[in-house]
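*Asks:* Okay, here's the structure, questions in a sec.
The values are calculated or read from the model by the stated rules, or taken from the named source; none is laboratory data. Small disclaimer: the values here were computed from a predicted structure and weren't measured. Glycine also receives a Cβ, built like all others from the backbone with ideal geometry; neighbour counts cover every protein chain displayed. In case anyone asks, the SASA skips ligands and DNA or RNA and just uses the protein heavy atoms, side chains included. Shrake-Rupley method; radii C 1.70, N 1.55, O 1.52, S 1.80 Å.
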Amino acid sequence: MPRQSENTTRNMTSGNSFKQIVLFFIPLLWGNLFQQVYSLVDSIIVGKGISDKALAAVGASGTLNFLILGFAIGMTRGFGILFAQCFGREDHAMLRAYISAAKRLCIGISLVLSVVCILALRSMLKFMQTPADIIDDAYIYFVIILIGIVITVLNNLAITILQSLGDSKTPLSAMIISSLANIVMDIFFVMGLGIGVAGAAIATVLAQLFSFIYCFYKIKMIDIFDKKNYSDAEINGKNITFELVKIGIPVAFMNSITAAGGIILQYFVNLMGSGYVAAYSACMKFASLFEQFGMSAGLSMMTFVGQNMGAGKYDRIRKGVRQGLLLATILNIPLALVQILFPEQLARIFLSDPEIISYCKDFLPILGISLFALGWLFVYRYSVQGLGNTFVPMLSGALEVIMRLTVCFTIGRASFRGIALSEVSAWIGAFIMLMITYYVVMGLKSKA
């Protein structure tokens with residue numbers, strides 16, 4: 001069987017930059033949107049197939065999931081910056097060396113996280129005031145997720161490798177395969193075998209395994225990873241593991257810090273009562289959905305900037321970032337208008353109580369007006385990361401937490417609108433910080 005060539009990869013250092021960005025962006029966006037839809041379907045299966053308490057138990061581990069898995073997945077995304085830069089300058093030997101070291105790091109860190117977090121899990125759930133009637137199910141569910149964390153992280157590493165080489169189509173296919181497999185296995189384990197939340201967790205881990213196998217197969221089919229076609233000399237003079245840790249750990253911490261910001265807002269909303277909690281949950285479902293457009297534009301820029309940084313094409317980077325900002329702006333216009341003009345109609349999709357819907361009418365328009373800042377935040381954040389600077393984006397995550405805390409303590413406790421302003425203030429503050437950083441870094445590159 002003939003091996004495939006590098007036609008699944010995309011060298012973004014030449015050709016029409018806007019076309020390159022859009023062609024990479026479209027599969028990435030569809031993958032992210034598909035994942036959101038799958039998440040809703042998965043919740044329906046757990047809620048209807050087991051019970052509302054089972055759904056609550058799975059949801060109770062969601063924050064920990066974001067904190068722990070978000071850290072590990074953020075680390076792999078940081079590694080992708082070095083992969084993209086090597087691919088851009090066509091240093092395939094160093095690319096292979098980075099990937100080899102990254103695999104070892106992912107396995108080692110995942111195993112440590114798995115053991116430590118399993119030992120501390122019940123204490124963490126109690127610290128988060130998890131209700132007594134769901135804590136056992138929450139514990140069982142997340143223990144299984146943690147046992148499979150190595151598979152999850154390796155799957156995300158494989159996806160990162162492909163995306164760094166400009167291939168966003170294969171990760172989309174992998175996501176569709178794994179999501180459909182997850183739904184089928186959810187139905188089998190939960191409704192067929194009746195093994196409850198444990199079945200839902202097993203289905204999630206196995207779905208990640210299917211995705212990893214598919215992506216790994218596709219990677220092995222790329223010429224530059226065919227051992228018959230290359231013979232690397234030993235790469236000396238570079239501490240590869242240290243470089244990966246240096247660039248990957250700040251991205252990992254940024255993810256965890258961002259999760260902490262979400263916990264802060266949830267805490268203040270919980271103090272307002274169950275009606276506001278329901279309204280906030282509905283509003284944030286839309287926020288999570290609508291942010292995928294700007295986030296996908298930003299992730300496209302990380303690959304584009306990373307490859308062109310490796311090739312030393314700074315003028316092309318500037319042009320591409322301007323085009324990325326334009327793309328994010330155009331995409332967010334209809335999304336912002338929907339939130340501003342039709343908040344009640346959106347809220348009715350999830351809610352029926354008129355009073356709770358009225359809370360959303362105060363919240364969603366504020367998110368809509370500020371959606372442009374969020375899109376620009378993603379473009380600048382991932383562009384700065386593509387340039388090889390992951391420290392300032394980590395600080396921007398800390399700034400988001402500070403902004404949320406400050407606004408929450410001043411006006412967030414007094415009104416639901418204050419909670420919305422706390423969220424968007426974090427977006428605006430981080431956007432300004434990252435925009436300034438991008439232009440300072442690019443100015444220094446021009447003088448170098």
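Per-residue answers, yes or no, for (1) open to solvent by 10 Å² or more (accessible area, probe 1.4 Å); (2) modelled with pLDDT of 75 or more:
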residue	(1), (2)
37	yes, no
52	yes, no
74	no, yes
90	yes, yes
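*Asks:* Could you give me the residue pairs with C-beta distances under 6 Å whose first residue belongs to the stretch 305-319 and is of a type in the set (Asp, Glu), whose second residue is open to solvent by 40 Å² or more (accessible area, probe 1.4 Å) and at pLDDT 90 or above wherever it lies, and which are 6+ apart or on separate chains?
*Replies:* Pairs found: none.
*Asks:* From 113, 82, 105, grab the single residue that is closer than 20 Å to residue 394 by Cα and under 23 Å from the mean Cα position of the chain (by Cα). Lay out the reasoning, then the answer.
*Replies:* Details: 113 fails: closer than 20 Å to residue 394 by Cα; 105 fails: closer than 20 Å to residue 394 by Cα.
Sole residue among the options that is closer than 20 Å to residue 394 by Cα and under 23 Å from the mean Cα position of the chain (by Cα): 82.
*Asks:* What about residue 404, is it basic (Lys, Arg), within 21 Å of residue 267 (Cα to Cα), open to solvent by less than 60 Å² (accessible area, probe 1.4 Å) and part of a helix (DSSP H, G or I)? Give the steps one after another, and end with the answer.
*Replies:* Values: basic (Lys, Arg): yes; within 21 Å of residue 267 (Cα to Cα): yes; open to solvent by less than 60 Å² (accessible area, probe 1.4 Å): yes; part of a helix (DSSP H, G or I): yes.
Taking the combined requirement at face value, the residue satisfies it.
*Asks:* Would you say residue 352 is in the same structural domain as residue 389 (by the TED database) and open to solvent by 60 Å² or more (accessible area, probe 1.4 Å)?
*Replies:* Working: in the same structural domain as residue 389 (by the TED database): yes; open to solvent by 60 Å² or more (accessible area, probe 1.4 Å): yes.
So residue 352 fits the description; yes.
*Asks:* I would also like to ask the following. Considering only the stretch 181-196, state which residues are of a type in the set (Phe, Trp, Tyr) and either in contact (Cβ under 8 Å) with a residue 60 or more places away in the chain or surrounded by fewer than 20 Cβ atoms within 10 Å (Cβ to Cβ) (or both).
*Replies:* Taking the stretch 181-196 first, the residues of a type in the set (Phe, Trp, Tyr) are 188-189.
Of everything in the stretch 181-196, just one residue is of a type in the set (Phe, Trp, Tyr) and either in contact (Cβ under 8 Å) with a residue 60 or more places away in the chain or surrounded by fewer than 20 Cβ atoms within 10 Å (Cβ to Cβ) (or both), namely 188.
*Asks:* If I ask for residues that are open to solvent by 30 Å² or more (accessible area, probe 1.4 Å), farther than 20 Å from residue 364 by Cβ and in contact with a helix residue (DSSP H, G or I) (Cβ under 7 Å, 6 or more places away or on another chain), which ones from the stretch 407-430 would you list?
*Replies:* So in the stretch 407-430, the residues open to solvent by 30 Å² or more (accessible area, probe 1.4 Å) come out as 409-411, 413-415, 417, 421, 428.
Adding the requirement that they be farther than 20 Å from residue 364 by Cβ leaves 409-410, 413.
The answer is 413, and nothing else.
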